[in-house]
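No lab work stands behind these numbers, since they all come straight from the coordinates. Worth saying up front: this structure is predicted, and the values here are computed from it rather than measured. Quick reminder, even Gly has a Cβ in these numbers, built from the backbone with ideal geometry, and neighbours come from all protein chains shown.
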Amino acid sequence: MSFEPLKGVRVLDLTSVVVGPVCTWRLGQYGAEIVKVESPEGDLMRGLGGLSPTGQHSGAYLHFNRGKRNICLDALERLGLDAATVRARHPDKIYCLITGYGTDGPYSGLPTYDSVVQGATGMAGLMLARDGAPAYVPMLICDHVAGEIAAGAILAAVVERKVSGAGSSIEVPMFETMAAFVLQEHLAQQSFDPPVGPPGDLRLLSPHNKPVQTADGWISFTINTDPQVRAFLKATQRDDLLGDARFSSVAARARNVAEWFAIRGAPLTGRTTEQWLEILRAADIAVQPCHTLETLPHDPHLDAVGLIDFEQHPTEGRT
């Protein structure tokens with residue numbers, strides 16, 4: 001960022017693993033000074049996040065905690081760092097608590113991790129509806145989303161303090177946050193009383209809603225508008241469907257979602273990935289290669305904008 005809206009703000013980071021460190025990392029990107037407090041045992045993510053040269057700083061730990069100042073402190077519970085005590089002594093402070101479950105509900109205080117939240121919120125169940133078996137998104141998506149939302153809530157509290165002079169107590173529960181995300185998208189036809197159909201966005205739950213195979217790989221594209229659909233059918237030489245009433249409008253495709261997604265999800269093995277990218281981009285269709293962990297770091301756009309850079313770590317070497 002070219003500006004630092006939180007410059008001069010100091011954040012005491014008492015979090016560990018992923019969700020809290022993601023939040024405070026984002027605040028650090030906005031210019032805040034982050035002081036991360038760890039117990040003598042250290043943040044679990046130091047080892048849990050994968051292998052490293054010394055075994056003390058996993059790649060994930062380094063990414064989530066870059067730019068922070070670390071201190072070691074024992075027996076935090078004796079320091080009176082709960083929201084009520086902190087706000088009573090310092091009413092101008094902003095206190096943010098990120099929890100697994102809201103403190104007002106029956107799950108309050110239960111331990112949780114990202115995969116547990118994915119199951120509890122129905123995210124894994126979406127895979128069951130689409131693929132016939134529940135599955136986790138293979139990244140800590142709930143931690144990242146809740147962490148970013150917490151950072152946004154803290155920013156809003158900073159703005160409010162500039163107006164009122166008062167601090168805030170914030171609670172961001174992972175379960176409720178992610179459940180709201182799922183329900184906003186997938187209550188769908190059940191949003192009405194009486195319901196007008198089954199729950200779920202039937203487009204997203206189609207078994208054909210996946211990357212499409214080419215002659216030498218996979219591509220990902222989305223076509224939603226009528227002009228996009230016509231351009232796609234022409235580009236893939238399915239002109240015979242241009243006059244098909246089932247697919248002639250957004251409403252028609254919604255009524256015939258299974259048939260439509262079977263068509264748009266069919267393999268395109270007659271050409272290579274690069275050839276399809278050229279053809280579909282020429283038709284102004286949103287399309288990109290389906291990257292792997294091996295190819296993503298070498299994407300030409302990411303290279304051009306300098307997303308990935310190296311630095312020298314005092315114990316882990318070049319990272």
Subtract the Cα-Cα distance of S115 and T272 from 0.36 nm times their separation in residues, and report this length gain in nm to one decimal.
52.9 nm
Amide H to amide H, which residues 5 or more places from V11 or on other chains are under 5 Å from it, using H placed in the peptide plane?
E33, I34, V35
What is the calculated FRET efficiency for E259 to S220, with r their C-beta to C-beta distance and R₀ = 22 Å, to the nearest 0.05?
0.55
What's the angle, to the nearest 10 degrees (0 to 90), between helix 226-235's Cα axis and the longest principal axis of the chain?
60
Show me the ranking of peptides 49-57, 27-35, 91-99 by mean Cβ neighbours inside 10 Å, starting with the highest.
27-35, 91-99, 49-57
Check: the chain dipole with +1 on Lys, Arg Cβ and -1 on Asp, Glu Cβ, in debye
400
Among L277, N70, Y95, pick out the residue whose Cα is farthest towards the positive end of the charge dipole of the chain, where Lys and Arg carry +1 and Asp and Glu carry -1 on C-beta, about the Cα centre.
Y95
Listing H90, H208 from the residue with the fewest other Cβ atoms within 10 Å to the one with the most, what is the order?
H90, H208
Hydrodynamic calc, region 1-111: Kirkwood Rh from Cα pairs, then Stokes-Einstein at 25 °C with viscosity 0.890 mPa s, so D in µm² s⁻¹ is 159
Cα-Cα separations in the chain greater than 39 Å, expressed as whole percent:
29
Can you pull out the chymotrypsin sites (Phe, Trp or Tyr not before Pro) in region 154-243 whose DSSP state is coil and whose Cβ has at most 15 other Cβ atoms within 10 Å?
F192
Under 15 Å from K162, Cα to Cα: aspartates and glutamates that are on another chain or at least 8 residues apart:
D92
Enter the per residue convex hull volume of region 211-286, computed from alpha-carbon coordinates, in Å³ rounded to the nearest integer.
75
So for region 130-187, taking the charge dipole from beta-carbon charges (+1 Lys/Arg, -1 Asp/Glu), which of P173, M139, A151 sits furthest toward the positive end?
A151
Arrange the following residues from fewest to most other Cβ atoms within 10 Å of their Cβ: T15, T24.
T15, T24
Using only the alpha-carbon atoms, how far is helix 141-164 inclined from the longest principal axis of the chain? Give it as 0 to 90 degrees, nearest 10.
60
I'd like to know which of L204, Y30, P5 lies farthest towards the positive end of the charge dipole of the chain, counting +1 on Cβ of Lys and Arg and -1 on Cβ of Asp and Glu.
P5
Placed amide H near V172: partners under 5 Å, 5+ positions off or other chain:
L97, I98, T99
Excluding residues fewer than 8 places away in the same chain, name every one of the lysines whose C-alpha is closer than 18 Å to that of K68.
K7, K36
Rounded to the nearest 0.05, FRET efficiency between A282 and D131 (Cβ-Cβ, R0 22 Å) equals 0.10
How would you rank K68, K7, going from fewest to most other Cβ atoms within 10 Å of each one's own Cβ?
K7, K68
Give, rounded to the nearest 20 debye, the magnitude of the charge dipole that region 113-201 has about its Cα centre when Lys and Arg contribute +1 at Cβ and Asp and Glu contribute -1 at Cβ.
180
For region 61-118, using Cα atoms only, the Rg and Dmax in Å read 15.0, 37
T295 to E41: extension gain in nm, 0.36 nm per residue of separation minus the Cα-Cα distance?
87.9 nm
Residue span D201 to L242: 0.36 nm per residue of separation minus Cα-Cα distance leaves a gain in nm of 12.3 nm
Angle, helix 273-282 long axis vs. longest principal axis of the chain, Cα atoms, 0 to 90°, nearest 10?
80
Once normalised by the length of the chain, the mean sequence separation of its alpha carbon contacts under 8 Å that are 6 or more apart gives a contact order in percent of 13
So what J values fall out for region 36-49 if you push phi through Karplus, 6.51 cos²θ - 1.76 cosθ + 1.60 with θ = phi - 60°, rounded to Hz, Gly and Pro as x?
8, 9, 10, 6, x, 6, x, 4, 4, 5, 4, x, 5, x
May I ask you to derive the FRET efficiency for E311 and L12 from their Cβ-Cβ distance with R0 = 22 Å, giving the value to the nearest 0.05?
0.30
Once the principal axes of the Cα atoms of region 164-305 are found, what is the range along each, listed largest first in whole angstroms?
60, 48, 28
In debye, nearest 20, what is the charge dipole magnitude of region 210-308 about its Cα centre with +1 on Lys and Arg Cβ and -1 on Asp and Glu Cβ, if you could check?
460
